[in-house]
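Please read the structure below before turning to the comments.
The values are calculated or read from the model by the stated rules, or taken from the named source; none is laboratory data. All of these numbers come straight from a predicted model, not from anything done at the bench. FYI the Cβ positions are ideal-geometry reconstructions off the backbone, even for glycines, and counts take in every protein chain you see. Heads up: the accessible areas ignore ligands, DNA and RNA and are worked out on the full protein's heavy atoms, side chains in. Shrake-Rupley method; radii C 1.70, N 1.55, O 1.52, S 1.80 Å.
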Amino acid sequence: MSTATGPVGPRVYRGLNLKEGMGWIAGMTPVQAFLGAAACTPALIAMSRNQWSTAFSWGVFAAVLVVLIVVPVHGRPAFRWLADLIMFQTGVLMRWSPWQSRAAAGLAGDRSEPDLPGVLSRLEFPDGPEFHGSRICLIHDTDQGRWGATARLTHSGVGMLSDDECAELARRLGSMLVGLGHREVVDRISLLVRTVPDDGTEYAVWRERHQRPDAPTLARQVTTEIDRDVASVSVRTELFVTVSGTEDALRRPAKAAGGGVAGRAYALYRVLEAVADGLRGLGVQSVTWLTSTGVAEAIKTGFNPATAASLQYQHLMRPDPDGSVGLPISQAGPALAPAPAARAYHHDGFSSVSYAVQPPESGTIFGSLGPLLAVRTAGERRTLQIHYEILSQAAAAREVRSQRFRNNVLVDAKAQRGFNTTAVDTRRQTGAREQEAAVAAGHALVRFTVASSLTVPAEWNLEDHAARLENDSSGRFRLLRLELAQDSAFVAAALPVGIGLPRLTRAFDS
């Protein structure tokens, strides 16, 4: 999904969305149109020969086939479901899907060599040169040719802010995205919010250690009541941001900075300060760019939330200000991930279910995704990640021009043939014109996607908790369960590595 945004406020929330994958030929892609025409060809040939019974038989067959090719069911046509199911079952039967780490198998390996499953296997994590006293871990996506970095953020949240304050944050977010687009080095930014599973034990221990024996009885009673009513439903969260740029965008400044990994790191470092300043304008209190140890721990706790306590204890017992000692990147992944189920992903004694979040056509406001992070049971974890990609001015102009041309052709064709134009057609036509005007005025076109996941211990009833997450989104957003791709969806929703947006594909340009 794409949207125009600018300094006057991000229009991502106001219904000017352009849906990707919209076909040119009666809403069909060229492949769908070709297959549909091929299915209808026998019926047309029979009609030309006056073989009406044969033409009727082929017509029924062609109608069924076209429905299977064109009509989407939960986001995918039936033929796409069949292809995905075949690939999924092939991976399971060929034993490509189950995962076991080298450490779990008793195999030695280099501490700096990542050992990760699925789509994460394409990532490399070289250390960049020193930046503000530490060596930032670079995230190199070898498949898409991207270089990025991840930071841990501290934010007070937006739950208590007024509508006007949320609108101001939305405006600042739009300004930050426009600014990144003008830099033409970093074009993707991913914001991840993860709740931290908490059963109250850590807080109870802290309270016991800091309890004042001479405290008044009434104060003790009031504190106990507050703990019972408030602490039981409080949620701790951790926040990450991942920024990345393409190899093509980084090649020239990297060459000027000396080339190689260090040159690409220096090219990224020049933008990180601007990203941090933009995030502080959104209310972020601190931005800490992660070393390889920090990235490894962020990935490890994503797969296994139970390791967070032990890692925190290790840091308390052995302080490590420069991040040189800690969890190596080779141990960042899960120890064991059995073959993924069609509707869930199992890893290190936990089970996760992931969704694509579809905003309503009527639009939404800044901070409205909060209910998706409302934990219902102690020990449950919810995550939410928003991926943004800022298109270049040339690509944005090309995209909005294509959308405007497509919608105009559709409306004109209906008018010429006497069909009524629906409100949806009119809205899309108007929105496409406004998008083109916004881009021509200097605003940016932003692709974005929202992914959410829920993780619980493997012995819990996952479907019950998934139903609660779906209920929390009811009436606000539509959740599309990413079946047959739960392992990749988990990465997009729960891990701060910047994976979540596919390449921009289009039928053909206007």
Exercise. Restricting segment 435-476 to residues that are out of contact with any helix residue (DSSP H, G or I) (no Cβ under 9 Å at 6 or more places or on another chain) and polar (S, T, N, Q), which is most open to solvent (accessible area, probe 1.4 Å)?
Worked result: Asn471
For this session: Pull up segment 106-125, narrow it to residues that are open to solvent by 30 Å² or more (accessible area, probe 1.4 Å), in contact (Cβ under 8 Å) with a residue 24 or more places away in the chain and not small (Gly, Ala, Ser), then point me to the one that is nearest to Ile499 (Cα to Cα).
Result: Val119
For this session: Give the residue that is nearest to Val119 (Cα to Cα), with candidates limited to residues of segment 90-100 that are assigned to a loop (DSSP other than H, G, I, E, B) and open to solvent by 70 Å² or more (accessible area, probe 1.4 Å).
Result: Trp96
For this session: Select from segment 150-167 the residues that are touching a residue at least 60 places away in the same chain (Cβ under 8 Å), among the small types (Gly, Ala, Ser) and open to solvent by 40 Å² or more (accessible area, probe 1.4 Å) and write down the one among them that is nearest to Ser190 (Cα to Cα).
Result: Ser156
Exercise. Of everything in segment 26-62 that's among the polar types (S, T, N, Q) and loosely packed, with under 14 Cβ neighbours inside 10 Å, which residue is nearest to Leu410 (Cα to Cα)?
Worked result: Thr41
For this session: With respect to Thr364, determine if the residue is out of contact with any Asp or Glu (no Cβ under 7 Å at 6 or more places or on another chain) and either closer than 22 Å to Gly302 by Cβ or charged (D, E, K, R) (or both).
Result: no
Seminar exercise, completed: With the first residue restricted to segment 434-451 and required to be within 10 Å of Val178 (Cβ to Cβ), and the second required to be open to solvent by 20 Å² or more (accessible area, probe 1.4 Å) and β-branched (Val, Ile, Thr), Cβ contacts under 6 Å at 6 or more apart or on different chains are none
For this session: Could you check, for segment 67-74, whether at least one of its residues is surrounded by 18 or more Cβ atoms within 10 Å (Cβ to Cβ), of a type in the set (A, V, I, L, M) and within 20 Å of Ile499 (Cα to Cα)?
Result: no
Problem set entry | Cross-chain or 6+ apart pairs with Cβ under 6 Å, segment 250-261 first and closer than 14 Å to Glu184 by Cβ, then open to solvent by 30 Å² or more (accessible area, probe 1.4 Å) | Leu250/Arg264; Ala254/Arg264
Problem set entry | Residue list for segment 168-213, filter: free of Cβ contacts under 8 Å to residues at least 24 places away in the same chain and acidic (Asp, Glu) | Glu168, Glu208
Exercise. If you take the residues of segment 465-501 that are of a type in the set (Gly, Ala, Ser) and outside any helix (DSSP H, G or I), which of them is nearest to Ala296 (Cα to Cα)?
Worked result: Gly498
Exercise. Are there any pairs, at least 6 apart or on different chains, whose C-beta atoms fall under 6 Å, with the first in segment 262-280 and open to solvent by 40 Å² or more (accessible area, probe 1.4 Å) and the second modelled with pLDDT of 90 or more and not hydrophobic (A, V, I, L, M, F, W, C), and if so, which?
Worked result: Ala262/Pro129
Problem set entry | Residue, nearest to His346 (Cα to Cα), within segment 295-310, restricted to residues that are open to solvent by 10 Å² or more (accessible area, probe 1.4 Å) and not β-branched (Val, Ile, Thr) | Asn304
Problem set entry | Filtered residue count, segment 372-388, keeping only those that are open to solvent by less than 10 Å² (accessible area, probe 1.4 Å) and touching a Pro at 6+ places or on another chain (Cβ under 6 Å) | 1
For this session: Mind listing whichever residues of segment 390-411 are out of contact with any Ser or Thr (no Cβ under 9 Å at 6 or more places or on another chain) and outside any helix (DSSP H, G or I)?
Result: Ser392
Problem set entry | Among (1) farther than 26 Å from Ala489 by Cα; (2) modelled with pLDDT of 70 or more; (3) in contact with a Lys or Arg (Cβ under 8 Å, 6 or more places away or on another chain) - the single one Ser330 does not satisfy | (1)
Seminar exercise, completed: Met87 meets each of (1) among the hydrophobic types (A, V, I, L, M, F, W, C); (2) in a helix (DSSP H, G or I); (3) closer than 20 Å to Arg188 by Cα with one exception, condition (3)
Problem set entry | Single match in Arg49, Arg76 (criterion: more than 37 Å from the chain's Cα centre (by Cα) and of a type in the set (D, E, K, R)) | Arg49
Seminar exercise, completed: Checked against (1) under 22 Å from Leu177 (Cβ atoms); (2) open to solvent by 20 Å² or more (accessible area, probe 1.4 Å); (3) not small (Gly, Ala, Ser), Arg427 satisfies every condition except (1)
For this session: Find the residue count for segment 367-424, including only residues that are at pLDDT below 80 and under 20 Å from the mean Cα position of the chain (by Cα).
Result: 1
